[in-house]
Amino acid sequence: MTRKNLIVGNWKMHATHLEAIQMTQKLHYRLDPKDFDRVDVGLAPPFTALRSVQTVIEADHMQFSLGAQNVHWEEKGAFTGEIAPGMLAKLNVRYVIVGHSERRQIFGETDEWIAKKVKAVLAHDMIPILCVGETLDEREAGGAMEKVERQVLADFEGLSADQVGTATIAYEPIWAIGTGRTAKPEDAQEVIGFIRDLLRRKWGDVAEETRILYGGSVNPGNIAAIMAKKDIDGALVGGASLDPDTFASVVRYWI
Ligand code: 13P
C-alpha cells in the first residue's frame, strides 16, 4: 500500500491575500521539513490569494501544495465569475476541492456538474478532492452509505481506473461541518472503508491507491484517533486550518 497521508486546509471564504501570505509563512515556521516525509500538506485559500500563496511557497521553497476550492469545467468562455481549470493549473495548483457540501447546498451544484469538474481537473493533471457526505436526517434514517455510494458513482462516472487512483475523496458528513461535532473515528472508518470497497468493486485494485480523507470539525484533539483508522488517509480541515498554531498541531498529529 503506497498511500501517503494528506492534510488539506480549506480556508473557505476567509483571508485576504495579505492575510493568506502571513498564514502560509507562520505555518511554515511551525513545521519541520521532516514532517513532510509523513504527510503531504495542501493549502486551499480563496481564489484571490492563490497567486500570492503560490509566490510565497515557490520563493521560499516551502513544501506545501496549493489547492483551489472550486473550478468550472469549461476551458474558457462567457461564464461570468467562474475560473477555468487551465487558469488554476498555470498557478501550479495541485488539488482542487470539488463538490463541497457548501457548494452543493448553497450554490445548487449538481452531480452532473461535479462529474464534469472532476474530469476537467484530471485533464489538467491536477488532483480533484471530491467531497461526499450525508445530512443528519439521512444518517438518522440509516441512509449514509446509500448517499455516499450514489454521490461517488455519479461524480466519478466515466473515469478510468488510473484516474480513480489519482483522485482523492473527502468524506465530510454534513452534520459534522463547522459544528464542533466530529464523527466518531469508528463511524468515519466505517463509511470510508465502505467507499474503498465500492471503488474496489467498480474499478478494481486501484482502490488501494485512492486517498480518502475525513472532514468535519477536525482539530488537534481528535486528529490522532482519526488518522489511526486504517482506511483514513488524512483530513480536510476547515476552521482549525485558519490559525497556524492550531493547524500545525493538526498536521503534526503524531506528536
Ligand atoms: P470544519 O473543519 O470547519 O468543520 O470544516 C470542514 C470542511 O468543510 C472542510 O472542507
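The values are calculated or read from the model by the stated rules, or taken from the named source; none is laboratory data. Just so you know, these numbers come straight off a predicted model, no measurement behind them. Here the Cβ is made from the backbone with ideal geometry for all residues, glycine too, and neighbour counts use every protein chain on show. Heads up: the accessible areas ignore ligands, DNA and RNA and are worked out on the full protein's heavy atoms, side chains in. Shrake-Rupley method; radii C 1.70, N 1.55, O 1.52, S 1.80 Å.
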Just to be sure I understand, how many residues within the range 1-22 are buried (at least 18 other Cβ atoms within 10 Å of the Cβ) and either within 15 Å of the ligand (Cβ to nearest atom) or within 18 Å of ILE232 (Cα to Cα) (or both)?
9
State which residue is surrounded by the most Cβ atoms within 10 Å (Cβ to Cβ) when the search covers only the range 234-255 and only residues that are more than 15 Å from the ligand (Cβ to nearest atom) and part of a loop (DSSP other than H, G, I, E, B).
ARG252
Take the range 177-209 and flag every residue that is touching a Leu at 6+ places or on another chain (Cβ under 9 Å) and open to solvent by less than 40 Å² (accessible area, probe 1.4 Å).
ILE192, LEU198, TRP203, VAL206, ALA207
Just one listed residue, out of GLY165, GLY133, GLY158, is over 21 Å from ARG94 (Cα atoms) and either of a type in the set (D, E, K, R) or out of contact with any strand residue (DSSP E or B) (no Cβ under 7 Å at 6 or more places or on another chain) (or both), and it is GLY158
Scanning for something within 16 Å of the ligand (Cβ to nearest atom) and farther than 17 Å from ASN10 by Cβ, does the range 189-196 turn up at least one residue?
yes
List every residue pair whose Cβ atoms sit under 9 Å apart, with the two residues 6 or more apart in sequence or on different chains, where the first one lies in the range 113-137 and is closer than 22 Å to LEU43 by Cα and the second, anywhere, is part of a loop (DSSP other than H, G, I, E, B) and polar (S, T, N, Q).
LYS117/ASN70
GLU172 passes all but one of (1) within 11 Å of the ligand (Cβ to nearest atom); (2) surrounded by fewer than 18 Cβ atoms within 10 Å (Cβ to Cβ); (3) among the charged types (D, E, K, R); which number fails?
(2)
Check on HIS72, more than 16 Å from the ligand (Cβ to nearest atom), in a loop (DSSP other than H, G, I, E, B) and closer than 30 Å to TRP113 by Cβ
yes
Going by the conditions given, is VAL206 near the ligand (Cβ under 10 Å from one of its atoms) and β-branched (Val, Ile, Thr)?
no
